[in-house]
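**Student:** One structure is given below, represented as structure tokens, and several questions about it will come after.
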Amino acid sequence: MNEWKEEDFPCLLLKSDIETTKITWLNPFAYSFLGLTRPVEAKIASILSKASLIFYESYIKPIILANGKYLEVQITLISDAGRRVPAVANLTVTDNIVYWAIYVAEERDKLYQELLEARDLLEKKTEELTAVSRKDSLTPLLNRRAAKEDINALIAQSSRAFFPLSFLLLDVDFFKNINDSFGHEVGDRVLIKLSKVILEHVRETDVVARWGGEEFLIVLSNATIESIKCFSERLHSAIRTILLPDNKPITVSIGGSMLDKNGLAHSDVIASQLLKADEALYSAKENQKGHTRIMDESGEFIVV
């Protein structure tokens, strides 16, 4: 078996005086890496970054004096070219001599950075996929599943500290005639334009989704009958600016319901409110279309 030699160790081995911090011995690898000459006249301060030196004096040194060792501490070395190099050191102390075994960690840090970048990229892709999975396939609105998630979150908030919610079902009037007269491509463009108009008139706290076909759901947070009336008037007016190829405006019918404290006790709040909103929408459709009707607590319709 061959005897080992100091130059065989691929790491920095050195000894230093714990009081004076003078380096008293180094192995050949350390001499070469640090660019020191023999006999060595350097101190620990000459091979560590300023931050690592402060860390050594204020934290590492007290620990090795108390416990006799400190393992796997991260430090920064200053190489012979003045380059900052990440490293991991194991230190022990015997008779006021500190024994250092220092391993250059450039490849480890490079791998760590690559892992961080890969994690960040994965998180970004996950967020993008999540966003895509929540969107309607045609419009910029939420799909039904995502809307239910957000509405349930609003309901949970309202259950803790009550605020009213209004559920509005919006349906494009004569949409079948639009498709039959101008084609489905025109119908799709109408739905996209309508979605954008709705988004321009709601707040970040509101929920807007394409509920199916030409039907949309809007849930207004902290809304009163008066605020619903103002919102509906503005929305109907803005929607009438969407013109068909024959320059005629489109109109929509809206049916709504108001969620009060009693409604929060229902086993399926969303379903119960949508049932009321759907009845109000049917009533609006049967009565001249192009306007909004809300079902009140007594089951009567309020034209807003």
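**Student:** Can you give me the three principal axis dimensions of the stretch 6-106 from its C-alpha atoms, in Å, biggest first?
**Tutor:** Over the stretch 6-106, Cα extents along the principal axes are 33, 24, 23 Å.
**Student:** What are the principal axis extents of the Cα atoms in the chain, in Å, biggest first?
**Tutor:** In descending order, the Cα extents are 101, 45, 38 Å.
**Student:** Full extension from THR241 to ASP80: what is 0.36 nm times the residue separation minus their Cα-Cα distance, to one decimal in nm?
**Tutor:** Contour length minus the Cα-Cα distance gives 50.7 nm.
**Student:** Starting from the Cα-Cα distance between ALA271 and ASP296, subtract it from 0.36 nm times their residue separation and give me the gain in nm to one decimal. Don't jump to the answer; show the numbers that get you there.
**Tutor:** Values: separation 25, 0.36 × 25 = 9.00 nm, distance 1.62 nm.
My answer for the length gained is 7.4 nm.
**Student:** Let me spell out the model: positive unit charges on the Cβ of Lys and Arg, negative unit charges on the Cβ of Asp and Glu, origin at the Cα centre of the chain. What dipole size does that give, in debye rounded to 20?
**Tutor:** Here the size comes out at about 400 debye.
**Student:** If I take R0 = 25 Å and measure r between the Cβ atoms of TYR103 and LYS15 in this structure, what FRET efficiency does the formula 1/(1 + (r/R0)^6) give, to the nearest 0.05?
**Tutor:** Efficiency, from the Cβ-Cβ distance: 0.90.
**Student:** OK, next. For the stretch 222-267, state the semi-axes of the equivalent ellipsoid (square roots of 5 times the eigenvalues of the alpha-carbon gyration tensor), sorted largest first and rounded to whole angstrom.
**Tutor:** 32, 12, 5
**Student:** So, with +1 on the Cβ of K and R and -1 on the Cβ of D and E, and no other charges, what is the size of the charge dipole of the stretch 6-106 about its Cα centre, to the nearest 20 debye?
**Tutor:** Roughly 300 debye for the stretch 6-106.
**Student:** If you count, for each residue, the other Cβ atoms within 10 Å and average over each peptide, how do 37-45, 93-101 line up from highest to lowest?
**Tutor:** Descending packing order for the listed peptides: 93-101, 37-45.
**Student:** I would also like to ask the following. Past the 18 Å Cα-Cα mark, which pairs from LYS15/LYS50; LYS193/LYS276; LYS15/LYS69; LYS176/LYS285?
**Tutor:** Where the Cα-Cα span goes over 18 Å, the pairs concerned are LYS15/LYS50; LYS193/LYS276.
**Student:** Need one number: nm distance between label points at ARG119 and ARG38, each 7 Å from Cα along Cα→Cβ, rounded to one decimal.
**Tutor:** Going from the ARG119 label point to the ARG38 one covers 4.4 nm.
**Student:** Put +1 on the Cβ of every Lys and Arg and -1 on every Asp and Glu Cβ in the stretch 6-106; which of ALA87, CYS11, LEU26 then has its Cα farthest towards the positive end of the dipole?
**Tutor:** Selected residue: ALA87.
**Student:** Using just the C-alpha positions of the stretch 127-217 as equal point scatterers, what log10 of I(q)/I(0) does the Debye formula give at each q in 0.16, 0.20 1/Å?
**Tutor:** Computed log10 I(q)/I(0) values: -0.71, -0.99.
**Student:** Turning to a different aspect of this structure: For GLU215 and ASN90, compute 0.36 nm times the residue count separating them, minus their Cα-Cα distance, and round to one decimal in nm. Could the numbers behind the result be given before it?
**Tutor:** Numbers: separation 125, 0.36 × 125 = 45.00 nm, distance 6.79 nm.
Roughly 38.2 nm would be gained on extension.
**Student:** When averaged across all projection directions, what area in nm² does the alpha-carbon convex hull of the stretch 135-303 cover?
**Tutor:** 9.3
**Student:** For labels at ASN177 and CYS230 in the simple 7 Å Cα→Cβ model, what's the distance in nm?
**Tutor:** 3.4
**Student:** About its Cα centre, how strong a charge dipole does the stretch 157-304 have in debye, to the nearest 20, once Lys and Arg get +1 and Asp and Glu get -1 at the Cβ?
**Tutor:** Values: 16 positive and 21 negative charges, 69 e Å.
Using only the charged Cβ atoms, the result is roughly 340 debye.
**Student:** Give the aspartates and glutamates whose C-alpha is closer than 14 Å to that of LYS22, dropping any in the same chain fewer than 8 places away, or say none.
**Tutor:** GLU41, GLU57
**Student:** What value in Å³ per residue do you get for the convex hull of the alpha-carbon atoms in the stretch 237-293?
**Tutor:** Cα-based convex hull of the stretch 237-293, divided per residue, equals 92 Å³.
**Student:** According to a simple spin-label model (label point 7 Å from Cα along Cα-to-Cβ), what is the distance in nm between GLU57 and GLU127?
**Tutor:** The answer from the label model is 4.2 nm.
**Student:** So, one more: I need the calculated FRET efficiency for the pair LEU264 and GLU286, taking r as the beta carbon distance and R₀ as 25 Å, to the nearest 0.05.
**Tutor:** 0.25
**Student:** Under the rule of -39500 (n - 2.57) per DSSP H run of 4 or more residues, summed and divided by the residues of the chain, what mean residue ellipticity at 222 nm is obtained, to the nearest 500 deg cm²/dmol?
**Tutor:** Value at 222 nm, helices only: -13000 deg cm²/dmol.
Bear in mind these aren't lab numbers, they're just calculated from the coordinates by the rules spelled out. Just so it is clear, the structure is predicted and the values come from calculations on it, not from any experiment. Note that we place each Cβ from the backbone using ideal geometry, even for glycine, and neighbour counts take in every protein chain shown.
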